[in-house]
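S.K.: Structure provided below as structure tokens; questions to follow.
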Amino acid sequence: MSNRGNSSGSGSNSNISSSNRPEWLQQYDLIGKIGEGTYGLVFLAKIKSNRSKSIAIKKFKQSKDGDGVSPTAIREIMLLREITHDNVVKLVNVHINHIDMSLYLAFDYAEHDLYEIIRHHRDKVNQAINPYTVKSILWQLLNGLNYLHSNWIMHRDLKPSNILVMGDGEEQGVVKIADFGLARIYQAPLKPLFDNGVVVTIWYRSPELLLGGKHYTSAVDMWAVGCIFAELLTLKPLFQGQEVKATPNPFQLDQLDKIFKVLGHPTVEKWPTLAHLPHWQTDQQHIQGHKYDSPGLYSVVHLSPKNPAYDLLSKMLEYDPRKRITAAQALEHEYFRMEPLPGRNALVPPQPGEKIVNYPTRPVDTNTDFEGTTSLQPTQQASGNVVSGGQHVMPTRNVPRPMHMAGMQRMQQQQQQQNMAAYGLASQAAMGGGGAMNPGNIPMQRGVAAQPHQQQQQLRRKDGMGMPGYPQQKSRRNKESTEVKSPRDFTFEHLKSENAKTRYATFGNILLFTEITTFICLCFFETKRIPCFPRSTFIAFPSSKVTNS
Amino acid sequence: MIQDMHQSIEIIYLILSPFFKLFRHKKKKTCAFHPHRRYNLSSAFSLPSPPLPRWCSVPPSHTTGNSKKWRNFCAFLPATMATDFWTSTHYKQLLDQEDVDVVHSLDKERGITLEDFKLIKLHMTNYIVRLAQNVKVRQRVVATAVTYMRRAYTRRSMVEYDPRLVAPTCLYLASKAEESTVQARLLVFYIKKLYADEKYRYEIKEILEMEMKILEALNYYLVVFHPYRALSQLLQDAGMSDATQMIWGLINDTYKMDLILIYPPHLIALACIYVASMFKDKDNTSWFEQLRVDMNMVEKIATEILDFYDYHKTISEEKVNAAMLKLTMRM
């Protein structure tokens, strides 16, 4: 067996875990890491028996809190095992490594996602996306969503990075909805939906959620589709609100402000249930007090109000969730019946004369093996949003620990640097084909595919590959350009030692900080007559003490 | 800094809240363990009925058919269940009785007969129910957990997968799948409290390891459909709303058999209604006819349920203990 990740790596990456390698791993050739998120890592692999087939393997880490398989993974497995649809990502296999208790989901690999496609058009070709492509993507997205909704499944985390588009091959240009980590069946729920905490990334979050609506419906997905539609047209996120992090409720004033500025102020006449939404009532002076000018959606998306595309968009961005267009209705909309008609291959228009945009392939970090040996950072960053689109704003009740808040900035920088180094190596290996970085002279199938895009990839790297939660990207890009000139300026060894020092220093500070705050809080609870100190430890480990009493 | 403090308090509270809960539970007096109450013959009629499942409206695409009655039936039966029952993995996985009644070869070596096998599964069903009552989860979670346990033993042996570990693990997994997660440590806590027997004691780590094995044994199919789903609508339609509690209890008892592995859930619900109509001496023949379901099947299930109640009388504590002992005995 060959382990590509290690053999093409720097050599310092020792193969510690080969002895506990599970059997199922033999059927794959690991190519490298393509993404990272709260849940774990995503890898690109090829099936040995069928070299042409690429697989994205999502590895779920075992959570440290003794919670077993994460509810995110359970949801994803549960739903994706039941459903099959052209426009929904296909779960090919599930694997378990019993030794380190990690879970692997193998998906059909998709080369592109809307986040990358939009970014490519905005930053590289400076040109709007072909109307045929926009329409085909939207139609397929709605088609997949209609299937989900008719099966009582709400996605709850639609955003460009979660909408995948298949690369070269039989299914080229087919749109796939991915990341079901927040999705759930909403028929006859045992617990109210609100129990799942904050859902949907802020820029795509619907006003009823922002205003604290507890009984939301599948219309929240349609709002997100509307936002994505506008983004496909203008290449800019429609409502780019600043997120106030770490609030446990979905209310985000700035996001609402951005929405109202474009769509006008919602009124109780147009949206009768508005009056019942918690934040509409409580934040009178902020929301109700401020007056907004007349709506100007058409000028933002540069469409004439008579354009069917505009009509569809405005129906998706309807304030009242009960009046908002459903996926089934949207598929019947006039917009999809006029030329150019939507097609299965969204990337290549049927007319021969049209220019085809070659989108860059996903960068692969060939230094990381399945154990994630080179990326041990405890941060919750998501680099390239691959199968799952990385970071959820705040997943189910897993409120970020204080250490994430404090150490975030520095960790990000380190990770970036490390990623940069990794990509630098990867591309060297790819170009050399058998140079110093690839002593085994192993053919790099990935490198060949990547070569035509080499230049683009390097550009991509420069403006911040390994980007975490989408809304933060701007500030990060600036930081990076000032601090890192080019990925080649660093050697891997150099980085490693540099990184190690700073990483542990930061870590120590965070731990100290957490300990102190914990202590203070426990004191606080004691004063509030909530018993914490001796008893909490006592109850936390019933096995050792309680049983004897 | 002040804002950070504020965050931390919330977070710490979130971390600690399970302990508070635990503390509350601890104070409460729980009833002592009565071995004889476990096989209460009339449990169908004595079990308290949990609140009925909330009902949502029906997707319009599924309401096509001929008569109004048939339309109604289609509307609230399998097609409306979370995903379409007839395309679900639950439907595809339904087995024949003969396939369910296979004792694993490893278990056979220990001298476990088919009767022992069924007894142990029944015993473990009761175990899950007891645990669930303590950790307070809804009946649907219990039903899913029992289904997982029974499905797992169609593929795995009891020698390798100790039922006393599998049962709580199934409850743990089911609580996650049904979106009402129970903390593993809470389960461990109650296991210790309920059973003095060392053999029942398992640690959190073992439950988490078994969770993965169960996932594997279930072939990662986690969606289960239950007869409860359509019940209130069906009963209203049949004019039997007064018997809801009794039928709910009957359905609970069907999980002590393997019916859920063999028959579609709506037929199990109908069979329970059928049994209840017999008890109540209510003639529902015309109502059943209008439903256009295979009445032979319904009657067959109903007979199995009645047979089970007869068989139930013959079960004694000793029999169960003997069966469990065979499991632990080393050859």
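Values quoted throughout were computed directly from the atomic coordinates according to the rules given, and no laboratory measurement underlies them. Predicted, not measured: the structure shown is a model, and the values here were computed from it. Note: ideal-geometry Cβ built from the backbone for every residue, glycine included; neighbour counts use all protein chains shown.
S.K.: Return the long-range amide H neighbours of A:Ile31 (sequence gap of 5 or more, or a different chain), with a cut-off of under 5 Å between placed amide H atoms.
M.R.: A:Leu44, A:Ala45, A:Lys46
S.K.: I've got another one for you. Show me B:134-142, B:195-203, A:71-79, B:236-244 ranked by packing, highest mean number of other Cβ atoms within 10 Å first.
M.R.: By packing density, highest mean first, the sequence is A:71-79, B:134-142, B:236-244, B:195-203.
S.K.: Another question, if that's okay. Cβ neighbours within 10 Å, averaged per peptide: list A:161-167, B:154-160 in order, most packed at the top.
M.R.: Sorting A:161-167, B:154-160 by mean packing, highest first, produces A:161-167, B:154-160.
S.K.: Scan around A:Lys176 for amide H atoms under 5 Å from its own, H built in the peptide plane at 1.01 Å from N, and keep only partners 5 or more places away or cross-chain.
M.R.: Hits under the 5 Å cutoff: A:Leu164, A:Val165, A:Met166.
S.K.: Pop the C-beta distance of B:Glu289 and B:Leu95 into the FRET formula with R0 = 30 Å and round what comes out to the nearest 0.05.
M.R.: Here the calculated transfer efficiency is 0.55.
S.K.: Across the residues of A:66-79, average count of Cβ atoms on other protein chains within 10 Å?
M.R.: For peptide A:66-79, the averaged partner shielding equals 6.
S.K.: Return the subset of A:Lys61/B:Lys256; A:Lys135/A:Lys270; B:Lys92/B:Lys300; A:Lys53/B:Lys176 for which the Cα-Cα distance in this structure is over 24 Å, preserving the input order.
M.R.: As for pairs spanning more than 24 Å Cα to Cα, those are A:Lys61/B:Lys256; A:Lys135/A:Lys270; A:Lys53/B:Lys176.
S.K.: Along the positive direction of the dipole of segment B:118-240 (beta-carbon charges: Lys, Arg +1; Asp, Glu -1; about the Cα centre), which of B:Leu235, B:Leu208, B:Pro163 reaches farthest?
M.R.: B:Leu235
S.K.: Also, quick follow-up: Over all residues in B:181-190, what is the mean tally of Cβ atoms on other chains that come within 10 Å of each residue's Cβ?
M.R.: For peptide B:181-190, the averaged partner shielding equals 3.
S.K.: For the residues B:Thr144, B:Thr328, what sequence is obtained by ranking on other C-beta atoms within 10 Å, fewest first?
M.R.: B:Thr328, B:Thr144
S.K.: Taking 22 Å as R0, compute the FRET efficiency from the Cβ-Cβ separation of A:Glu170 and A:Glu354 and round it to 0.05.
M.R.: Efficiency, rounded to the nearest 0.05: 0.55.
S.K.: A further question follows. Could you work out how much longer the chain between A:Glu339 and A:Lys48 gets when fully extended? Use 0.36 nm per residue separation minus the Cα distance between them, nm to one decimal.
M.R.: Answer, rounded to one decimal: 100.5 nm.
S.K.: I would also like to ask the following. Ranked from highest to lowest mean number of other Cβ atoms within 10 Å per residue, what is the order of the peptides A:150-156, A:223-229?
M.R.: In decreasing order of mean packing, A:150-156, A:223-229 become A:223-229, A:150-156.
S.K.: Return the average number of partner chain Cβ atoms within 10 angstrom of each residue Cβ along peptide A:148-159.
M.R.: Taking the mean over all residues of the peptide, I get 2.
S.K.: B:Arg201 to B:Trp86: extension gain in nm, 0.36 nm per residue of separation minus the Cα-Cα distance?
M.R.: Going from the current span to full extension adds 37.4 nm.
S.K.: Continuing with this model, one more query. Using a Förster distance of 22 Å, how high is the FRET efficiency between B:Lys282 and B:Lys313, based on the Cβ-Cβ distance and rounded to 0.05?
M.R.: After rounding to 0.05, the efficiency reads 0.30.
S.K.: Between B:Leu306 and B:Thr113, with labels modelled 7 Å along Cα→Cβ, what's the label distance in nm to one decimal, could you check?
M.R.: If labels sit at B:Leu306 and B:Thr113, their model points lie 2.6 nm apart.
S.K.: Describe numerically, in nm with one decimal, the distance between label points set 7 Å from Cα along Cα→Cβ at B:Thr244 and at A:Asp320.
M.R.: Computed distance between label sites B:Thr244 and A:Asp320 equals 3.2 nm.
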